[in-house]
1. Once you put a point 7 Å from the Cα of Ile166 and another 7 Å from the Cα of Val136, both along the Cβ direction, what distance in nm separates them?
2. Which of Phe96, Ala80, Val179 sits farthest toward the positive end of the charge dipole of the chain, with +1 on the Cβ of Lys and Arg and -1 on the Cβ of Asp and Glu?
3. Classify segment 7-95 from the C-alpha gyration tensor, please: rounded if a/c falls under 1.5, else prolate or oblate depending on whether a/b exceeds b/c.
4. Where a Cα-Cα gap under 30 Å defines reach, which lysines qualify for Lys102, not counting those fewer than 8 residues away within the same chain?
5. Show which aspartates and glutamates lie in cross-link reach of Lys71 when reach means a straight Cα distance below 17 angstrom and same-chain residues fewer than eight apart are skipped.
6. What is the fewest-to-most order of Trp171, Trp75 by other Cβ atoms lying within 10 Å of their Cβ?
7. Convert each backbone phi in segment 97-107 into a coupling constant with the Karplus relation 6.51 cos²θ - 1.76 cosθ + 1.60 (shift: θ = phi - 60°), then list the ³J(HN,Hα) values in order as whole Hz, x for Gly and Pro.
8. Between Leu86 and Gln186, what is the spin-label point distance in nm, taking each point 7 Å from the Cα along the Cα→C-beta axis?
Amino acid sequence: MNLKNRNLNLPIAIVSIAIPLVVAVLFVLPKPGVEAGFDVTIMPFFHAVLNSATAVLLVASLYFIKNGHQKAHKWANLTAVGLSVLFLLSYVTYHFLTDSTKFGDMDHNGIVDATEVAAVGGIRYVYYFLLLTHIVLAVVIVPLVLFTLLRAFQEDNVKHRRIARITWPIWFYVAVTGVIVYIMIQPYY
């Protein structure tokens, strides 16, 4: 498909709005009580692996483009996009099937009482800051990645470079904080 002269602003806007809406709805819908057919408890670790791999690919992508390896840059980014899509599908599946884990819920009863809040102390503020910025920027990154890719496929290198300078650090931050948030909440799964 030739994207050179295509205006894909509307489809990108629709996708960029639909994804966070679907994810938000998952947190308010009752769980269907469907069995996954596999142990879903491994999925948060899988998400952290996908985020880690994405971060590594983003660093590789930056290295490749800075050293004139456009083809390797392209494939690193396309692979990072593929892993991000896989992450999104897996994340949606996981939250469709399970209840959210609460940070500090040491007895795993779904309630964080005052004793548990006191036990985790001030680190919970760090966790919630990282989680909040991760979530907000995960929403922001969707259209940025899509527009960055579009500009690359349209071979509009000036616009591609301009938006990539914004996209790359945000996408990298989202990938890295996804791993950090997992590490911090992992004891409460």
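1. Placing both labels 7 Å along Cα→Cβ, they lie 1.6 nm apart.
2. It is Ala80, whose Cα lies furthest towards the positive end.
3. On the way: a/c = 3.59, a/b = 1.58, b/c = 2.27.
It comes out oblate by the Cα gyration axes.
4. List returned: Lys31.
5. Straight-line reach from Lys71, under 17 Å: Glu155, Asp156.
6. Working: Trp171 27, Trp75 15.
By the 10 Å Cβ count, ascending: Trp75, Trp171.
7. 8, 10, 7, 5, 8, 9, 5, x, 6, 5, 9
8. According to this spin-label approximation, the distance is 1.9 nm.
Read-outs: derived from the displayed coordinates by stated rules, not from any lab. Here the structure is a predicted model, which is why all the values come from computation and not from measurement. Using ideal geometry, Cβ is built from the backbone for each residue, glycine included, and neighbour counts are taken over all protein chains shown.
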